[in-house]
Amino acid sequence: MAKQLFKLRNVPDDEAHEVRTLLAEHDIDTYETTSGFWGTAAPAIWLRDEAQLETAKKLIDSYQQKRSATARSRYEQQCREGTARSILDIAKENPSKYGLYVLGVLAVLYFSFVPLLNFLSK
């Protein structure tokens, strides 16, 4: 029976490619499903042979630990160099989008608290 091995929803393309390559290098028999035309299905890498489940999970866990360590060290290096992106940098890249988000949050807060304050003041 097939087992879902690795979910592909919201996974960067480079990570998905590296996982596929890793499994192929170790002769892990897999197949892949997509999210479908409407995006409602579960995109994933599935394992055909359950006997390979433990080996495949160990390979993926090891890969993800290495990827996490690499990303963390890259981020720490960027922080030391002062090149890490901050919220202000993101707002500068697209000020209109950021402004709309801020207005949306303020609108939600306004419509949440005004009725409460009116109720408490009576």
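The values are calculated or read from the model by the stated rules, or taken from the named source; none is laboratory data. Please read all numbers here as calculations on a predicted model, not as lab measurements. Heads up, the Cβs are rebuilt from the backbone with ideal geometry, glycines too, and the neighbour counts pull from every protein chain shown.
Starting from residues that are among the basic types (K, R) and outside any strand (DSSP E or B), keep the ones in the range 1-29 and report whichever is surrounded by the fewest Cβ atoms within 10 Å (Cβ to Cβ). Show your work before the answer.
Initial filter on the range 1-29 (among the basic types (K, R)): 3, 7, 9, 20.
Subset that is outside any strand (DSSP E or B): 9, 20.
Numbers: R9: 10, R20: 16.
Checked the range 1-29; the qualifying residue surrounded by the fewest Cβ atoms within 10 Å (Cβ to Cβ) is R9.
What do you reckon, is R20 assigned by TED's automatic domain parsing to the domain that holds K66, in contact with a Pro (Cβ under 7 Å, 6 or more places away or on another chain) and charged (D, E, K, R)?
Numbers: assigned by TED's automatic domain parsing to the domain that holds K66: yes; in contact with a Pro (Cβ under 7 Å, 6 or more places away or on another chain): no; charged (D, E, K, R): yes.
It is false that R20 is assigned by TED's automatic domain parsing to the domain that holds K66, in contact with a Pro (Cβ under 7 Å, 6 or more places away or on another chain) and charged (D, E, K, R).
The residue that is surrounded by the most Cβ atoms within 10 Å (Cβ to Cβ), among those in the range 55-107 that are touching a residue at least 12 places away in the same chain (Cβ under 8 Å) and β-branched (V, I, T), is I60.
Taking helices (runs of 4 or more DSSP H) that do not extend beyond the range 30-122, which have at least 2 residues that are among the basic types (K, R) and within 30 Å of Q4 (Cβ to Cβ)?
Details: elements: 53-81, 87-93, 95-121.
Filter on the range 30-122 gives 53-81.
Exactly one residue out of K57, K97 is among the charged types (D, E, K, R) and in contact with a strand residue (DSSP E or B) (Cβ under 8 Å, 6 or more places away or on another chain), and it is K57. For A42, are the conditions met, namely being surrounded by 13 or more Cβ atoms within 10 Å (Cβ to Cβ), modelled with pLDDT under 95 and among the hydrophobic types (A, V, I, L, M, F, W, C)? So A42 passes the test.
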